[in-house]
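Participant: My structure is below; once you've seen it, I'll send some questions.
The values are calculated or read from the model by the stated rules, or taken from the named source; none is laboratory data. All values derive from a computational prediction rather than experimental measurement. No Cβ is skipped: glycine too gets one built from the backbone with ideal geometry, and neighbour counts run over all protein chains shown. When the accessible area is computed, the model is the full protein with side chains, heavy atoms only, and any ligands, DNA or RNA have been set aside. Shrake-Rupley method; radii C 1.70, N 1.55, O 1.52, S 1.80 Å.
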Amino acid sequence: MFLAGLVLLGWSCLTPGTTGTWLNRAVVLMTLMFATVALFGLELDKLLERKPDWTRAFRDCMPAITVSGIIALIFVLCTEVYYQIEFGAVRIRFLALLTVAVTLAAAVVVCIFFALSPKHDPLSLSDRRRGSYVYVAEVLIVLLFMHIRLTMPWLFHGFFQRYWPLVVLAIAYAGVAISEFFKRRDVPVLAGPIERTGAFLPLLPVIGFWIAQSQVEYSTLLFVVGGLYGLLSILRRSFWFGLAAALAGNGGLWYLLHETSEYHFYQHPQLWLIPAAISVLIAAHLNRKDFSESQMAGIRYLCLTAIYASSTADIFINGVASSPWLPLVLAALSVAGVFAGMIFRVRAFLLLGSTFLLLAIATMIKFASVNFGWTWLWYVAGIVTGMVIIATFAVFEKKRAEVLRLVDGLKDWKA
C-alpha cells in the first residue's frame with residue numbers, strides 16, 4: 001500500500017492534459033519499482049539484522065515489484081516505438097527521457113552488484129543462478145541503447161550507421177577480453193555470462209547484415225568474426241570455437257571468391273576447398289586429445305584427399321596448356337605433405353603426398369611431350385624409374401636390417 005501511495009503521489013505531480021500521459025505515468029511506475037528493488041537489496045543485510053520478520057515478508061513481494069517494473073518498462077519502450085512509427089519522433093519530455101536512461105543505467109549497475117554480493121541478493125538466488133543477473137544487465141544495456149536510439153535518432157547517423165557491424169564486433173571483442181580478465185581474477189559469475197554473450201554476439205551482424213544496410217564488406221565481416229572465434233578457440237582450447245572460426249574465415253574467402261568472375265568453384269575448386277581442409281586439419285590437431293586415433297586418421301585422410309583431389313581437378317578443368325603452373329602447385333602441395341609426414345611422423349601425409357607427387361610429375365612430362373614434342377622425356381623418365389627401382393633393391397639387399405627397421409618404424413607412426 002505504501003508503494004501504491006508513492007506511485008499515486010508521483011502521478012499527482014503530472015499536469016493533466018500536458019504531462020499527464022500514460023507514457024509519463026509508466027515512467028514514474030518503472031522508476032519507483034526499480035528504485036525499491038535496488039534500495040531493498042542494498043540494505044538487505046542490515047534489515048535482516050534489525051527486522052528479520054518484516055524483511056522476509058518484504059522479500060516475498062520482490063518478484064511482484066520486479067514484474068511491475070518490467071511491465072512498465074515494456075510499456076514505455078512499446079509506446080516509444082509506436083510514436084516513432086506513427087509520428088516519426090517520440091513525444092516525451094526531456095526529464096522523462098533522462099529518467100528512463102538513468103534508471104536503466106542504474107539498474108545495470110545494481111544487477112552486477114547483486115551478482116557479486118550474495119548477501120544483498122533480494123531474490124536469494126543460488127551461486128549457480130546468480131549469473132542470471134549478468135544476463136539481465138546485458139538485456140538492460142540493449143534496452144537502454146534502444147531507448148536512446150528511439151528518442152535521439154540523430155546520434156546514430158554517420159559513422160555508426162555506415163559501420164555498425166564492426167561496432168558490434170568491437171563490443172564482442174571487448175566482451176571476450178573482459179571475460180578473460182574476470183576469469184583470471186576468479187570471478188566466474190561475471191566471466192561465464194559475458195563470455196557466452198561475446199561468443200554469440202557476432203551472429204547479430206552476420207545475420208543482420210542482410211537486413212540493415214552498411215558499408216562493410218560481408219567478406220571482411222566474416223574474417224573479423226573468424227578472428228574472434230579463433231581467439232576463443234586458443235583461450236578455451238575448444239574444438240567447436242575452432243570449427244566456427246574455420247567456417248567464418250572460409251565463408252569470408254568463399255564470398256570474396258564468389259564476388260569475382262574468374263574464381264568460381266567450378267573454375268578453381270582448390271581455392272575453395274584447400275583453405276577449408278587445412279583449417280579442419282589445424283583445428284583437429286590442436287584438439288587431438290578429444291579424438292581417438294581412428295577418428296584423427298579419418299580426418300587426416302579426408303582433408304588430404306580434398307586438398308590433393310581439388311588441386312588435381314583444377315588441372316583437368318583448366319588444362320596444363322592454359323595454366324602450366326597448376327601441376328607445380330600440386331607438386332608443391334605434395335612435397336609439403338611428404339615433409340609434414342616426416343616431421344610429424346604421420347603416414348597419411350607421407351603416402352598421399354608421395355602418390356600425388358608422382359601424379360604431378362607424370363602430368364608435367366605428358367604436357368612437355370605433347371605440346372613441345374619432347375617424347376624423349378618418356379624414355380628418360382622410364383630409365384630414371386628403372387634406375388631408382390634397381391637402386392632401391394640394391395640398398396634393400398645391402399642394408400636389409402636397416403630397411404626392415406625403417407619399415408617397422410613406419411608402423412609406429414600415426415595413421
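Participant: What is the ratio of the Cα radius of gyration of the chain to 2.2 N^0.38 Å, where N is its residue count, to two decimals?
Facilitator: 1.52
Participant: Also, quick follow-up: For the chain, which DSSP H helices look membrane-span-like by this rule: Cα extent along the axis of 24 Å or more and mean Kyte-Doolittle of at least -0.5?
Facilitator: 22-42, 62-87, 94-116, 132-151, 164-184, 218-236, 239-259, 269-286, 293-318, 326-344, 347-371, 376-398
Participant: Cα-based Rg of region 58-120 per 2.2 N^0.38 Å, rounded to two decimals?
Facilitator: Working it through for region 58-120, the quotient is 1.41.
Participant: Output the Cα-based Rg and Dmax of region 139-295 in Å, rounding Rg to one decimal and Dmax to a whole number.
Facilitator: For region 139-295, the Cα-based Rg and Dmax read 18.2, 60 Å.
Participant: Tell me the per residue accessible area of the chain using a 1.4 Å probe; a whole number in Å² is fine.
Facilitator: Accessible surface, normalised per residue, equals 59 Å².
Participant: In whole Å, what is the distance between the alpha-carbon centres of region 10-56 and region 292-313?
Facilitator: 64 Å
Participant: Moving to a separate point now. For region 208-266, run through the chymotrypsin sites (Phe, Trp or Tyr not before Pro) and keep only the ones in DSSP coil with at most 11 other Cβ atoms within 10 Å of their Cβ.
Facilitator: 210, 266
Participant: Would you kindly state how much longer the chain becomes between residue 95 and residue 256 on full extension, computed as 0.36 nm times their sequence separation minus their alpha carbon distance, in nm to one decimal?
Facilitator: Computed gain between residue 95 and residue 256 is 53.1 nm.
Participant: Determine the equivalent ellipsoid of region 1-132 by diagonalising the alpha-carbon gyration tensor, then write out the semi-axes as square roots of 5 times the eigenvalues, largest first, rounded to whole Å.
Facilitator: 31, 17, 11
Participant: Something else: If I take every Cα pair under 8 Å that is 6 or more residues apart in region 85-177, average their sequence separation and divide by the length, what percent do I get for the relative contact order?
Facilitator: 30 percent
Participant: Turning to a different aspect of this structure: Residue 318 to residue 127: extension gain in nm, 0.36 nm per residue of separation minus the Cα-Cα distance?
Facilitator: That works out to 62.5 nm of additional length.
Participant: Rounding to the nearest 20 debye, state how big the charge dipole of the chain is about its Cα centre with +1 on each Lys and Arg Cβ and -1 on each Asp and Glu Cβ.
Facilitator: 840 debye
Participant: On to the next question. Between 116, 223, 165, whose Cα lies farthest towards the positive end of the dipole of the chain when Lys and Arg beta carbons carry +1 and Asp and Glu beta carbons carry -1, centred on the Cα centre?
Facilitator: Positive-most Cα among the choices belongs to 116.
Participant: Could you give the size of the charge dipole of region 261-366 about its Cα centre, using +1 on the Cβ of each K and R and -1 on the Cβ of each D and E, expressed in debye and rounded to the nearest 20?
Facilitator: Charge dipole, region 261-366, about its Cα centre: 320 debye, nearest 20.
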